[in-house]
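As structure tokens, the structure follows; a few thoughts come after it.
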Amino acid sequence: MKAVVINNFGTENLEIRDVDEPSGGIKVMVKKAGLNPLDYNLIAGKVVYGVSPMPHIPGSEIMGIAMDDGKNIKKGDRVIVYNRIFDGSCEMCISGNEHLCYNGGIWGVVTNGGYSEYISVDEKNLFKVPDVIDDNTAVSIGIGALTAYRAIKTARPAPGSKILVYGAGNTGIFTVQIARIMGLDVYVYSRKNELGKFGITVFNKIPDDFQADTVINPLGNGLLSESLKHVKRRGKLITYGVLTGRNFEADIADIYTNEKQIIGSTGGTRQDLYELLKIMSLNRFYLPVYMEYSLWNIKKALEDFTNRETGRIILNL
């Protein structure tokens, strides 16, 4: 089968080559793949820890057609990959937090990914896509939507409470829509004024005196520090990314005197994904797509990934 392969890190080292078909799980014919910051950074050599095997097939967001029957998955089902590898026996797995498995990792990083014609996946990592969800939205669920859902769920916001979301990229666009469905009063810091059509208040500049019960900020660095002032007393700041940097400064007195909480969130569990698919099967979601490319034109897709202003990049087979 054909696959995208890297022998060494760097986009210039990408090759399209014939490789052996994988085995050991349910065979899936890949139909769609996402291009996200994780995939981009892995290929560029910015995610060098734990990448295995080498040479490596990247690709962590995959939607395809099951080619085999399993216990619950049937041949012909549209499926997406739950992209966390876990052993099922560590403390985290036993407590229902398999996405934090001590002996696990991210599918497509610690294993070969899905930038190929076929993949082979353990059935426990495959989820059937409801018929009402289109393919482009489906391929974006395993990382973008799941990360968003887990972040909101971690905050445990009360219905009607205020939530402020920083950014409306792949995760942010899902965060604001899921929050709206959950009955929250949603505000977003973004240049995408069209989000107002969802009953969301869009800030191009956040008023200095604005505060919310929950603030979700995946941007990192100085923006994370700045967002703390918009967390009200006993409110929560949820973070799941370091887009602009890993370090930030905080006023500790502000945190403890106002009992503010800073909470990390990452990925999601299989239970989260099960719940999310139910929500998404009952509600229409808006997903802006910047461009679709053939998987074999991935070098052009990677070039445009850093230049685009908005929308997803989808790779097709």
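With Cα atoms as the point set, region 1-112 shows a radius of gyration and Dmax of 15.0, 42 Å.
Sorting I6, I16 by the number of Cβ atoms found within 10 Å of their own Cβ, with the fewest placed first, yields I16, I6. With a threshold of 21 Å on the Cα-Cα distance, the over-threshold entries among K27/K299; K2/K300; K128/K278 are K27/K299.
Positive-end ranking of G267, N283, Y115 along the dipole of the chain, with charges on Cβ about the Cα centre, is headed by N283.
Give me the distance in nm between label points sitting 7 Å out from Cα along the Cα-to-Cβ direction at D135 and N258, one decimal. For D135 paired with N258, the spin-label model returns 4.8 nm. Under 20 Å of direct C-alpha separation, and excluding same-chain neighbours fewer than eight residues apart, K197 reaches these lysines: K162, K205. For region 198-297, the list of chymotrypsin sites (Phe, Trp or Tyr not before Pro) that fall in a loop by DSSP and count at most 14 other C-beta atoms within 10 angstrom reads Y286. With a Förster radius of 25 Å applied to the beta-carbon distance between L282 and Q211, the computed FRET efficiency rounds to 0.20. Build a GNM of the chain with springs between Cα atoms under 10 Å apart, and of G199, G105, G268 the one that fluctuates most is G199.
Listed by chain and number, the aspartates and glutamates whose alpha-carbon sits under 13 Å from that of K31, ignoring those within fewer than 8 places in the same chain, are E61, D77, E117, D134, D135, E292. Take the alpha carbon atoms of region 211-290, find their center, do the same for region 82-128, and report the distance between the two centers in whole angstrom. If you average the Cα positions of each part, the centres end up 24 Å apart. In vacuum, with every alpha carbon of region 132-241 counted as one equal point scatterer, what does the Debye formula give for log10 I(q)/I(0) at q = 0.18, 0.24 Å⁻¹? Two decimals, please. Summing over Cα pairs of region 132-241 leads to -0.83, -1.49. Note on region 145-264: with charges restricted to the Cβ of Lys and Arg (+1) and Asp and Glu (-1), its dipole about the Cα centre is near 380 debye. As a length-normalised measure over Cα pairs under 8 Å and 6 or more apart, the relative contact order of region 145-264 settles at 21 percent.
Here's how it looks for I26: its modeled amide H is under 5 Å from those of V121, D122, E123, which are all 5 or more places away or on a different chain.
Scattering from the chain was approximated by placing one identical point on each alpha carbon and applying the Debye formula without solvent; log10 I(q)/I(0) at 0.07, 0.10 1/Å stands at -0.28, -0.57. Residues whose amide H comes within less than 5 Å of that of I262, counting only those at least five positions distant or on another chain, are L237 (H built at 1.01 Å from N in the peptide plane). Taking packing as the residue-averaged number of other Cβ atoms within 10 angstrom, the listed peptides 80-88, 186-194 run from highest to lowest as 80-88, 186-194.
Across the chain, the mean sequence separation of Cα contacts (distance under 8 Å, 6 or more residues apart), normalised by length, yields a relative contact order of 17 percent. Screening the chain for whole DSSP H helices with an alpha carbon extent of at least 18 angstrom along the helix axis and a mean Kyte-Doolittle hydropathy of at least -1.0 yields 270-282.
For V110, the residues whose modelled amide H falls within less than 5 Å of its own, excluding neighbours fewer than 5 places apart on the same chain, are S52.
Any read-out appearing in this document is the output of simple, stated calculations on the displayed coordinates, not a laboratory observation. Note that the coordinates shown come from a computational prediction; the quantities given were computed from them, not determined experimentally. Cβ atoms come from the backbone with ideal geometry, glycine included; neighbour counts cover every protein chain shown.
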